[in-house]
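Below is one structure, written out as structure tokens; the observations come after it.
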There are 4 protein chains.
Amino acid sequence: MPKSNSFKAGRHFLQIPGPTNLPDRVLRAMDRAVIDHRGPEFAEISKGVLEKLKSVFKTSSPVIMYPGSGTGAWESAIVNTLNVGDKVLFFETGEFSIRWYDQAKQLKIDAEIVPGDWRHGIDPKVVAERLAADKDKKIKAVCVLHNETSTGIVNNIGEIRKAIDSVNHPALYMVDVISSLASIDYRHEEWKVDVTVGGSQKGLLLPPGLSFNAISHKALEASKKATMPKHYWDWHAMLENNKTGFYPYTPATTLIYGLDEALDMLMEEGLDNVFSRHARLAEATRLAVKAWGLEILCKNPAEYSNTLTTVLLPEGYDADNLRKTILDEYNMALGASFNKVKGKVFRIGHLGDLNEIMLMGVLSGVEMGLTKAKVPFKAGGIMAALQYLSK
Amino acid sequence: MPKSNSFKAGRHFLQIPGPTNLPDRVLRAMDRAVIDHRGPEFAEISKGVLEKLKSVFKTSSPVIMYPGSGTGAWESAIVNTLNVGDKVLFFETGEFSIRWYDQAKQLKIDAEIVPGDWRHGIDPKVVAERLAADKDKKIKAVCVLHNETSTGIVNNIGEIRKAIDSVNHPALYMVDVISSLASIDYRHEEWKVDVTVGGSQKGLLLPPGLSFNAISHKALEASKKATMPKHYWDWHAMLENNKTGFYPYTPATTLIYGLDEALDMLMEEGLDNVFSRHARLAEATRLAVKAWGLEILCKNPAEYSNTLTTVLLPEGYDADNLRKTILDEYNMALGASFNKVKGKVFRIGHLGDLNEIMLMGVLSGVEMGLTKAKVPFKAGGIMAALQYLSK
Amino acid sequence: MPKSNSFKAGRHFLQIPGPTNLPDRVLRAMDRAVIDHRGPEFAEISKGVLEKLKSVFKTSSPVIMYPGSGTGAWESAIVNTLNVGDKVLFFETGEFSIRWYDQAKQLKIDAEIVPGDWRHGIDPKVVAERLAADKDKKIKAVCVLHNETSTGIVNNIGEIRKAIDSVNHPALYMVDVISSLASIDYRHEEWKVDVTVGGSQKGLLLPPGLSFNAISHKALEASKKATMPKHYWDWHAMLENNKTGFYPYTPATTLIYGLDEALDMLMEEGLDNVFSRHARLAEATRLAVKAWGLEILCKNPAEYSNTLTTVLLPEGYDADNLRKTILDEYNMALGASFNKVKGKVFRIGHLGDLNEIMLMGVLSGVEMGLTKAKVPFKAGGIMAALQYLSK
Amino acid sequence: MPKSNSFKAGRHFLQIPGPTNLPDRVLRAMDRAVIDHRGPEFAEISKGVLEKLKSVFKTSSPVIMYPGSGTGAWESAIVNTLNVGDKVLFFETGEFSIRWYDQAKQLKIDAEIVPGDWRHGIDPKVVAERLAADKDKKIKAVCVLHNETSTGIVNNIGEIRKAIDSVNHPALYMVDVISSLASIDYRHEEWKVDVTVGGSQKGLLLPPGLSFNAISHKALEASKKATMPKHYWDWHAMLENNKTGFYPYTPATTLIYGLDEALDMLMEEGLDNVFSRHARLAEATRLAVKAWGLEILCKNPAEYSNTLTTVLLPEGYDADNLRKTILDEYNMALGASFNKVKGKVFRIGHLGDLNEIMLMGVLSGVEMGLTKAKVPFKAGGIMAALQYLSK
């Protein structure tokens, strides 16, 4: 598009793997005056939201909500259940698994991370082996990501649960679903997860600013013996206040308005429909990538993420340059790369309030960008996606 | 998309040839309390808008604005300049040329319409001939559409002007730019148009509800002798009030807020950039249509519209069924068909706040729809568009 | 408030007698993308709105809606039912009765206006006398305002109906309810009004831009013989299209979204509650005015308007200066004055989405302004209002 | 207002001492799609906001911003500068001073709180005495609230600074300005405050969800020796990232949009004008309270808060019942009471985007409520306010 200035016509496409394109219904719900967070109207909204959240996490236990980002909910999971010096096992599946591990270490946890190649998910057998080797049951928790946002790899949370059980290990099981919740099927209760860590800004169709802990009975018991200094993240004050729809400190009212609307939207569509829509759009994306002759970072198709696809550029081509080209020329933001794959990959977010037409626009933007940035590829990826979606 | 109910994820695509997808900036500008339409703040906004409008119509003469739809501004053009029984010449280029002609007849004008086949624009030579034949100068006005929204045909307003001048005919020249203004180059003053009729809901990036008359000195002189009963549409009260930024009756305040923002956006992008963006997106659309093996209703490439493309379906296929399929399955609205081409064509609107990625989504939606509705076509139209846009 | 610049903290109070302070719910409902005005979703919204409007006008006959201001709906009432040269009777109750009369004259109606002093409503006996004197039934219509916005006088529409009937006069009865609809009880059908003229921007809680005609069977019959040139305002095309939820030309989509929400709000509150709320706030206002020792323009308490109160300043004091002082100092707009009372009165709008606390703020603003502008008055008007509202 | 149901006409008045009534400009600024928080446009907005914040805190040192509530920023102040077992001095001036003290204890700080009667602010002499007595300089920090939101008492931060300096005590000086920032004059740098703790939801005109630490050089030095486990609240990661306009974890994008607009509004009005407006509205409120014959909780006029006024009800009257009456009848929320004064006082918030007319509505609502709830009082408090504001 020839431009004499920086004005960009048309809609911006936010195709990072979260935050996502916000539905107008959610934006409008938040465009509302704040009300008294200790008054009756707020209590009613709040209790409704806390209840609806349970069905999204698929749990009958409480889900609590912080004003804060997902990183805060990671911290909360740790400080509420563990003690300084506790041994905790992480598994490297990409940048965010490392960040959580780093956070734990900074919080004086004796954290260990099982190395990974960023191209494969966690092997449940390795989990079983590591726990079996822990004869003294020193490992207090196993922390994994359901969907690793930096690589586009989904871990099999149900199978990892079975692995833990297979060796009768009592470790707490803590799972990050920040970039999979309300997009990829997840079952807090059925999979006996102890703490599930969520965030508002991805499948929950909200801006960043709220984060969540879904808490099992076992985790709650553990929290009674956890002695790390904490106040803001303390579960007990939160759970106590939540009974009446209130919070131990001022909640983020407008985000809660938006959450209420977003949860209604998810229920209207139906969670199963939400999941199959994500699966369908993800498959179309992968078909396009393969047709372009490019490689998907995730090697195991069973571990492909349905919320994002991470694409490897050919050796010698700069993914950040491609992303900049696409942002400048086509007004679309794609996901950055980190660490081991810095500059080598770009990430296409295909989650949240997205449909086929939007996705075809997104993939077209990528294909135009590949040409513009002179990355070698086979034209026609979008046709592969279109044919799949036309079925 | 499998659906258990009527919920539709993602953004709706409004690809009728107007009203158009509203930019968020415009929606937000209108989401504002009304102020006193006789107060100083309103006067300031209003005077700014009336001035900026001139640059969009490319005129130094006044542009006036009605609370009302484009049909009202058609009526205004007639009742302010003509008298009952006046002879006026129209040219059939599609449904809207006929509607304006019908309106004139209903207003007791002695209107005549030169027949057309809906596939060609107005031949300036025919205009010259018709006027040359009018020895007594009985014809008081020539009324044409710059862009015929029902067919996607652009008339050459500058050449028609020359045709009128070539036979020294004094008829007023009245032009409808409802679906071309701020999308296709148009020059009220340079082309010596006497009344230009515009509307808010297309290239001006607004909802429907405002309409415009740009008025030449000659038209203003004619209005002094026009005797049809009129009050609401009366130019003189409007022009008199506008001097101070006010209106003879309550103006549509929130739409004026939006217009102010939309005019700023058009200035930020630059009108020439707006026109070339529309030309580029239109050409991509036409290349897709041709690659599908479908026919564009407009036969003369020089008359292709840059704001919409009207596509003929193969004999025996129902365009309304195709549109319904696309609306139901892909959440995209395409333009209906009228009259002679009812059910035979559909119209793709590609005007307003649109960019390449959105357009590729639109064309993909059409291609998926053609498959879904079982219309015979050659796959790959979107690749033709993409290749053009990638250049 | 000391100010170094033009920034004004806090909310602006729009207390002209319409347009009114818009509820956030209505603003948010309009902050929505436009949809195809020929599509199924629009038809559903539109049919709902056209039906709900009937209950607000209290009629079972059709109500039609124009993109346009109230002045347009005045014009529509005239051009659809009358012919050039028809004799029509108006009654001077203030500026807007004169404007409607002037419009009729401009439309070549043989209009006559019965003079008034701007301080009294229409005497039904005078109506009866005038019609009784019309032995040949030359008078084709009687046109009155339910609520005269320039003076704050309410005419007794039911009694005027009886007066017309008492002399068995066949004239059409046309009533403007622009500033009373959905604020003061009004009954189109019970009072056998033939055309009721309404607007969006007052009790209907919307911005300006929509106007209405409620049409009796008798008016519809008259329209079949009405020969004035008209197209935009033509009832028949509108009624025909409305059957399916559509319009003969592009409707003002976003205002219709807002209307849908506003009608729901009125139904939620209940029309009778809406009326009694207006009565209560109006009475509080009048008590304040009287306690200030100022005079209400309307002399007859039975004719006091519940949507606005027009206040006479003492001889020699400039009401426009007072309004400017209040706007500049307190960020509140009050209604201007016209014609006979220009500069002598100001108008307090107390209609629409208003409650006691807002009204007390409004009256406090007036009382502070009277002091600031050095108008002689007795302090404490707000206490009179407060005592009444505290009951 | 007679009501058949729960519908409440007119605007809700949120007169708790924060969150406050949001300006439409701020709500509209937040009603915007999220953008990439790692992209160039975000960096630009973010850097601007971080810079503008400094002028509101009156500091040239960095101000950092968390997604979180004010309680989080309290925690951040503690965990970044102190160590487990450190001795810290608090001063009881109401509920929130106790809560911060409780938080510190929960975080394993050796906190001590100097008792107070909730009706007086901190006596700087007592501060000097307590610090002078600390011969071994065991006290690592003095923590005070600039404005105690539960009582409406302002502490003299400058004089307390002088008291600390008078005994040459090296304790860090930490001040909570959550309910005073951008409403009452505050000078982080001039008063040599080490950590200033702020929140978004009061004078900053935003919803809850952001909180702040303004950090002195001395505090930054202390943070290098602070060993409490922390990650989310860690200053260093935040400061490091902020250099480029980014954050160590996903920031609350839409709240930052709103903050940007709110900071512009504060600059447009001018901070000194903001402060004098608050002083003026507060004085009017106090005059009303006194005229009602009710007692202000704060006994020392020099310590009256300009953002809220806490009012004592006569013995035997239930303030919660009064608040409920006012909420139900007049659609206005007033501030709840806590702890020692539970049920005995109510709080009128008069901060944020407020003007004279709004305040007069607020005070009228209180006066009507006092009548409705049958609390004994002298009528006419609003006149005392009005007379003051009319000067």
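Of note:
- Sparsely packed loop sites in the range C:213-296 (the trypsin sites (Lys or Arg not before Pro) outside DSSP H, G, I, E and B with at most 16 other Cβ atoms within 10 Å) comprise C:Lys224, C:Lys225, C:Lys243.
- Cross-link reach list, lysines versus B:Lys243, counting only Cα pairs under 17 Å and skipping chain neighbours closer than eight places: B:Lys47, B:Lys52, B:Lys54
- Counting only protein heavy atoms and a 1.4 Å probe, chain C has 31 square angstrom of accessible area per residue.
- Radius 11 Å from Cβ of C:Lys225, net charge of other residues (Lys, Arg +1; Asp, Glu -1): 0
- Selection from D:Leu351, D:Ile153, D:Ile35 lying farthest towards where the dipole of chain D points positive, charges on Cβ: D:Ile153
- Overall size of the protein assembly as shown from C-alpha positions, given as principal axis extents largest first: 107, 84, 48 Å.
- Inter-copy spacing of C:Gly270 label points, which lie 7 Å from Cα along Cα→Cβ, given in nm from shortest upward: 4.0, 5.2, 6.3
- Net charge of Cβ neighbours under 9 Å - reference A:Ala336; Lys, Arg +1; Asp, Glu -1: +2
- With Cα atoms, 0 to 90° folded angle of helix D:356-372 axis to chain D main axis: 60 degrees
- Between this copy and the others, label points of C:Asn300 are 6.6, 6.8, 8.9 nm apart in ascending order, each placed 7 angstrom from Cα in the Cβ direction.
- With an a/c value of 1.5 or above and a/b not larger than b/c for the gyration tensor axes a ≥ b ≥ c computed over the alpha-carbon atoms, chain A is described as oblate.
- One equal scatterer on each Cα of the range D:168-253, no solvent, Debye formula: the resulting log10 I(q)/I(0) at q = 0.11, 0.12 Å⁻¹ is -0.35, -0.42.
- Taking B:Ser150, B:Ser337, B:Ser200 as the candidate residues, the one with maximal mean-square fluctuation in a Gaussian network model of chain B, Cα springs under 10 Å, is B:Ser337.
- Helix B:95-106 and the longest principal axis of the C-alpha atoms of chain B enclose an angle of approximately 30°.
- For chain D, the relative contact order comes to 23 percent (Cα pairs under 8 Å, sequence separation of at least 6).
- Paramagnetic label zone (point 7 Å from Cα along Cα-to-C-beta, A:Ser166; backbone N under 14 Å) in the range A:116-145: A:122-133
- Basic side chains Lys and Arg get +1 at the Cβ, acidic Asp and Glu get -1 at the Cβ, and with that the dipole of the range B:24-267 about its Cα centre reaches some 480 debye.
- Under 19 Å from C:Lys340, Cα to Cα: lysines that are on another chain or at least 8 residues apart: C:Lys299
- With both residues required to sit in chain A, DSSP beta bridges show an antiparallel share near 50%.
- DSSP-loop GluC sites (Glu not before Pro) across the range B:289-391, with at most 13 other Cβ within 10 angstrom: B:Glu315
- Sparse-neighbourhood loop sites, trypsin sites (Lys or Arg not before Pro) in the range D:152-193 - DSSP loop, at most 16 other Cβ within 10 angstrom: D:Arg187, D:Lys192
- For the range B:23-54, a decrease in accessible area of 40 Å² or greater in the assembled protein chains relative to the isolated chain, with a 1.4 Å probe, applies to B:Asp24, B:Leu27, B:Arg28, B:Asp31, B:Val34, B:Asp36, B:Arg38.
- Computed about its Cα centre, the charge dipole of the protein assembly as shown is approximately 0 debye, with only Lys, Arg, Asp and Glu carrying charge at their Cβ.
- Cα-only radius of gyration and Dmax that characterise the range D:3-94, units Å: 19.6, 59
- Cα shape, the range A:312-359, gyration tensor, a/c 1.5 rule: prolate
- Chains B and C together, accessible area buried on both sides, 1.4 angstrom probe, square angstrom: 4100 Å²
- Sequence-distant lysines (8 or more away, or on other chains) whose Cα lies within less than 26 Å of B:Lys135: B:Lys87, B:Lys105, B:Lys108, B:Lys125, B:Lys162, B:Lys192, B:Lys218, B:Lys224, B:Lys225
- Label-point spacing for A:His217 across the identical copies (point 7 Å from Cα in the Cβ direction), in nm and ascending order: 5.9, 7.2, 9.1.
- Furthest towards positive pole of dipole, A:Leu53, A:Ala104, A:Ala73, structure part the range A:24-267, Cβ charges: A:Ala104
- Cα-based helix-to-principal-axis angle, C:40-57 vs chain C, degrees rounded to 10: 70 degrees
- By accessible area, using a 1.4 Å probe on protein heavy atoms only, the range A:24-267 has 53% of its surface on carbon and sulfur.
- Positive-end residue of C:Gln387, C:Ala279, C:Leu313, charge dipole of chain C with Cβ unit charges: C:Leu313
- Interface residues, the range C:186-217 - accessible area loss of 10 Å² or more versus chain alone, probe 1.4 Å: C:Gln201, C:Pro207, C:Pro208, C:Gly209
- Ellipsoid equivalent to the range D:279-332 - semi-axes via the Cα gyration tensor, in Å: 21, 14, 9
- P(r) weight above 26 Å for the range B:235-391, C-alpha pairs, percent: 39 percent
- Residue-count net charge about A:Arg323 - beta-carbon cut-off 13 Å; Lys, Arg +1, Asp, Glu -1: +1
The values are calculated or read from the model by the stated rules, or taken from the named source; none is laboratory data. Please read all numbers here as calculations on a predicted model, not as lab measurements. We place every Cβ from the backbone using ideal geometry, glycine too, and count neighbours over all the protein chains shown. The area values use the complete protein model at the heavy-atom level, side chains included, leaving out ligands, DNA and RNA. Shrake-Rupley method; radii C 1.70, N 1.55, O 1.52, S 1.80 Å.
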